[in-house]
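Below you'll find the structure, written out as structure tokens, and then a few comments.
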Amino acid sequence: MRRIVLDTETTGLEPSDGHRVIEIACVELFDRRPTGRNFHRYLNPDREIDAGAIQVHGLTTDFLADKPRFPDVADEFIEFVEGAELLIHNAPFDVGFLNAEFAAMGRPGIETICPVTDTLAMAREIHPGKRNSLDALCERYQVDNSRRALHGALLDAQLLADVWLAMTRGQDTLDISLVSAPSAVDGSGAPERPAHLTVVRASAEELAAHAAMCERIDKESKGRCLWQRAG
């Protein structure tokens, strides 16, 4: 499955106040593996940037003066994300800004292009009552964020990709190391099987211990041990 981890930086907090997207970054995952394909653009917002926002991401109007505007990269952006699931931390914030940019162009919102998953909502469900900022999740899942002196869309998307992989490990497969890359298919279109699978059979002692446990379960459950019935 193809997923895109997305992050933006903006001139302020509210698109309804005319604030704009000034950086957008996407990191591609396929079958839970980074592909190395990224989309990253700085954007000229044609307006001043709030002082508080500059303290967060360090991007200034002078730096962005010669950068393209959102309409200049919109088609390229859509082509990159189309058909993928978007993973966004605090998705309503980024989606609100992206939809405002598309609306100014007379286009429908990002949700019409691809589904969106809010990783902040996921984290709050997994870790209720705890801090679930990106920094807090990096610390919890031992993801190195030492380079994050300032917020940056590309770095934050890369960190979020690592956090999401750690946070959801085991949900898609029991052993993510066996997930095939996009090209690892045989002529039938099915993923290739590992070349060698080792079968480890239970020893006599292990079989005896299992039988004893089944007898105990059968006795305590009053004859409802499924293993005993199967035997």
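Across segment 67-93, the qualifying residues are those that are buried (at least 20 other Cβ atoms within 10 Å of the Cβ) and in a loop (DSSP other than H, G, I, E, B), and the one among them that is farthest from the chain's Cα centre (by Cα) is Ala84. Residues in segment 153-174 that are out of contact with any Asp or Glu (no Cβ under 7 Å at 6 or more places or on another chain) and at pLDDT 90 or above: Leu154, Leu155, Gln158, Leu159, Ala161, Asp162, Val163, Trp164, Leu165, Ala166, Met167, Thr168.
Can you name the residue in segment 1-21 that is over 18 Å from Ala65 (Cα atoms) and among the aliphatic types (A, V, I, L, M) and is also surrounded by the fewest Cβ atoms within 10 Å (Cβ to Cβ) among such residues? Only one residue fits best here, namely Met1. Of the residues making up segment 68-92, those that are under 25 Å from Asp17 (Cα atoms), hydrophobic (A, V, I, L, M, F, W, C) and in contact with a strand residue (DSSP E or B) (Cβ under 8 Å, 6 or more places away or on another chain) are Phe70, Val73, Phe77, Ile88, Ala91.
Assessment of segment 115-127 against the conditions (of a type in the set (D, E, K, R), at pLDDT 95 or above, in contact with a Lys or Arg (Cβ under 8 Å, 6 or more places away or on another chain) and not in a helix (DSSP H, G or I)) yields no matching residue. In summary, Asn38 fulfils each of the numbered conditions (1) modelled with pLDDT of 95 or more; (2) more than 21 Å from Leu98 (Cβ to Cβ); (3) of a type outside the set (Gly, Ala, Ser) with the single exception of condition (2).
The set of residues from segment 41-60 being of a type outside the set (Gly, Ala, Ser) and farther than 23 Å from Ala103 by Cα comprises Ile54, Gln55, Val56, His57, Leu59, Thr60. Filtering segment 94-113 to residues that are out of contact with any Asp or Glu (no Cβ under 6 Å at 6 or more places or on another chain), in a loop (DSSP other than H, G, I, E, B) and of a type outside the set (Lys, Arg) leaves Met105, Gly106, Pro108, Gly109.
Listed here are the strands (runs of 3 or more DSSP E) enclosed by segment 1-49 that have at least 3 residues being among the acidic types (Asp, Glu), and there are none. Note on segment 109-128: residues that are surrounded by 18 or more Cβ atoms within 10 Å (Cβ to Cβ) and among the β-branched types (Val, Ile, Thr) total 4.
Only one entry in Ile54, Ile24, Ile49 is in the same structural domain as Val163 (by TED's automatic domain parsing), free of Cβ contacts under 8 Å to residues at least 24 places away in the same chain and either surrounded by 17 or more Cβ atoms within 10 Å (Cβ to Cβ) or not polar (S, T, N, Q) (or both), namely Ile54.
For segment 9-37, a tally of residues being of a type in the set (Gly, Ala, Ser) and within 17 Å of Leu154 (Cα to Cα) returns 2.
The values are calculated or read from the model by the stated rules, or taken from the named source; none is laboratory data. Note that this is a predicted model, so its numbers are computed, not measured. Using ideal geometry, Cβ is built from the backbone for each residue, glycine included, and neighbour counts are taken over all protein chains shown.
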